[in-house]
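Please read the structure below before turning to the comments.
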Amino acid sequence: MILLDSTFSGAPANPSDKNLAFYKPPSSSTKLPVSVNLAHGNTGLFTACLNGPTGCATGGTPSSITTCDSIDMLEDTGFDDPLPNQCAASSVVGGGTGWLVTKGNVVPGEIITLRIAVWDMVDSSFDSLAVLDGFRWKTTRATPGTTAQ
């Protein structure tokens with residue numbers, strides 16, 4: 001969740017709920033929250049993974065994914081560790097998105113509040129991680145939301 005408190009009232013407008021962490025797949029007008037659930041449903045953002053069955057662990061929702069590119073971006077994170085036969089013979093511990101870019105609009109010179117939150121509360125065995133890198137201010141208006149880099 002990336003919540004932006006700003007007085008910006010122009011176009012394109014920031015979301016009324018203040019959350020910039022949403023994604024619109026190219027083939028849909030549905031706004032999806034940026035969350036671990038992006039791995040379910042072939043949204044196109046969850047690409048650092050292995051194609052095949054998902055949700056095989058206790059409490060998981062059985063499904064499959066076909067949008068994975070490779071697990072190269074997971075190298076040495078622990079999310080690339082082998083977990084043979086959990087879902088398939090070549091299963092690994094985790095997966096993730098590639099680099100994402102999230103944009104929103106502010107009024108020049110105003111004091112804003114930007115809150116970035118990540119939480120994991122359903123289980124005691126699966127973890128979530130977010131890395132913030134390359135934070136920049138730009139002087140042009142942007143379409144609010146999140147896209148893959």
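The values are calculated or read from the model by the stated rules, or taken from the named source; none is laboratory data. Small disclaimer: the values here were computed from a predicted structure and weren't measured. Heads up, the Cβs are rebuilt from the backbone with ideal geometry, glycines too, and the neighbour counts pull from every protein chain shown. All accessible areas refer to the heavy atoms of the entire protein, side chains included, with ligands and DNA or RNA removed. Shrake-Rupley method; radii C 1.70, N 1.55, O 1.52, S 1.80 Å.
Below are the figures for this structure:
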{"quantity": "Sequence of C49, C87 when ordered by accessible area, the most exposed leading, probe 1.4 angstrom", "calculated": "C87, C49"}
{"quantity": "Filtered chymotrypsin sites (Phe, Trp or Tyr not before Pro), region 41-117: DSSP coil and at most 15 other beta carbons within 10 Å", "calculated": "W99"}
{"quantity": "Potential extension, E75-L3 segment - 0.36 nm per residue separation minus Cα distance", "calculated": "22.9 nm"}
{"quantity": "Accessible surface, 1.4 Å probe, highest first, among residues L114, L129, L45", "calculated": "L129, L114, L45"}
{"quantity": "Residue among T30, T58, T102 with the largest mean-square fluctuation in a Gaussian network model of the chain, springs linking Cα atoms under 10 Å", "calculated": "T58"}
{"quantity": "Gain in span if fully extended, V131 to T58, counting 0.36 nm per residue against the direct Cα distance", "calculated": "23.6 nm"}
{"quantity": "Directionally averaged shadow of the chain, computed from the convex hull of its alpha-carbon atoms, nm²", "calculated": "9.9 nm²"}
{"quantity": "Whole-Å distance, taken between Cα centres, linking region 1-34 and region 89-110", "calculated": "14 Å"}
{"quantity": "Longest exposed-site-free window of the chain, the sites being trypsin sites (Lys or Arg not before Pro) in a DSSP loop that have at most 15 other C-beta atoms within 10 Å", "calculated": "32-135"}
{"quantity": "Region 66-77 - phi-based ³J(HN,Hα) in whole Hz, Karplus 6.51/-1.76/1.60, Gly and Pro as x", "calculated": "10, 9, 6, 9, 5, 9, 4, 5, 8, 3, 6, 9"}
